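I have placed the structure first, in the form of structure tokens, so that the comments after it can refer back to it.
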Amino acid sequence: MKRRRTVHESATIEPPPGSRTAGGDPPETAQRTLILDWIVSRRIAGGRRVESCSGSQVVLVRGHPVNHVPHAFLAVFSCCAWGVVRAVVAVVNRVEREALTVDAQGRVVTVSAP
């Protein structure tokens, strides 16, 4: 049975101090942008990078794709002995994407993708 990896977040999804309005009114666009920037900066500090950014949504990525060309050349020149290393690297190295969106109430919605 294949085990699924669980993601442990070190940064909580909390808005920056002072970003909420006093009367409980929905935050304005500038406040929502501030909330999203705060969360993104915390996630970047945790090892992610920004893949795309538009208005109230950001896609963050963790990991790097495998470049198979040098591994293929090494496998050919080592009589397929490097193929074992190539297979392990291809299975272990994963790219994880995460989309962050701030809704009209100022809540951050996170959607994870493979």
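Might you check whether a residue that is closer than 30 Å to W38 by Cα, in contact with a helix residue (DSSP H, G or I) (Cβ under 7 Å, 6 or more places away or on another chain) and of a type in the set (G, A, S) occurs anywhere in segment 53-64?
From segment 53-64, those closer than 30 Å to W38 by Cα are 53-64; that's our starting set.
Cutting the leftovers down to in contact with a helix residue (DSSP H, G or I) (Cβ under 7 Å, 6 or more places away or on another chain) gives us 56, 58, 60.
Right, trim to of a type in the set (G, A, S) and you get 56.
Checked segment 53-64: at least one residue is closer than 30 Å to W38 by Cα, in contact with a helix residue (DSSP H, G or I) (Cβ under 7 Å, 6 or more places away or on another chain) and of a type in the set (G, A, S).
Hey, could you check segment 34-58 for residues that are more than 12 Å from the chain's Cα centre (by Cα) and in contact (Cβ under 8 Å) with a residue 60 or more places away in the chain and say which is surrounded by the most Cβ atoms within 10 Å (Cβ to Cβ)?
This residue is I35.
Just checking, which of V66, V61 is open to solvent by less than 60 Å² (accessible area, probe 1.4 Å) and at pLDDT 90 or above?
The unique qualifying residue is V61.
The values are calculated or read from the model by the stated rules, or taken from the named source; none is laboratory data. Bear in mind the structure is a predicted one, so any value in this text is a computation, not a measurement. Cβ coordinates were reconstructed from backbone atoms using ideal geometry, including for glycine residues, and neighbour counts include every protein chain displayed. We work out accessible area using only protein heavy atoms, side chains counted, and drop any ligands, DNA or RNA first. Shrake-Rupley method; radii C 1.70, N 1.55, O 1.52, S 1.80 Å.
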